[in-house]
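Data first, discussion second: the structure below is written as structure tokens.
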Amino acid sequence: MSEQSNEAVNLTSREKKGLRSMGHHLEPMVYAGKEGMSPALLDSLRTALKAHELIKVKIGQNYPVERNQAGQELAQKTGAAVVQIIGRVLLLYRPNPDLPEVRRIPLASGACIQQPEKIMQKDRVAARTGKKP
């Protein structure tokens, strides 16, 4: 397995839009508290990003840094990109080339990314109505 670098990921606005739609239904996987940017927090972030590529992080009320600054610092330390910050919830993305192809998140800058269940839903509607999607 290759070690992930701390080089930031650059995303286009279209890629961010697709990632935001995918991340909408996710629950926070990592919680940052009053300890701040501890080695344990960074290890948890790296592990979650390696396993899932797209994660939500919940910043606690007692976190010592302002949320926007915290998002930028956490993204820089882990080599991820900040996709979105809403309230105290961050959405971070970092590609992992070691994941199997079926578990990787496809980034298509030229087209909107659709979730598989939405594609299947369109197919079911098309089959019911007899119209092509």
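Each reported figure results from applying straightforward, stated rules to the coordinates on display, with no laboratory input. The model shown is predicted, which means the values in this text are computed figures rather than measured ones. Using ideal geometry, Cβ is built from the backbone for each residue, glycine included, and neighbour counts are taken over all protein chains shown.
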Using the number of other C-beta atoms within 10 angstrom as an exposure proxy, rank Y31, Y63, Y93 with the fewest first. Y31, Y63, Y93
When a footprinting reagent is the concern and you count Cβ atoms within 10 Å, what order do E35, E66, E15 take, fewest first? E66, E35, E15
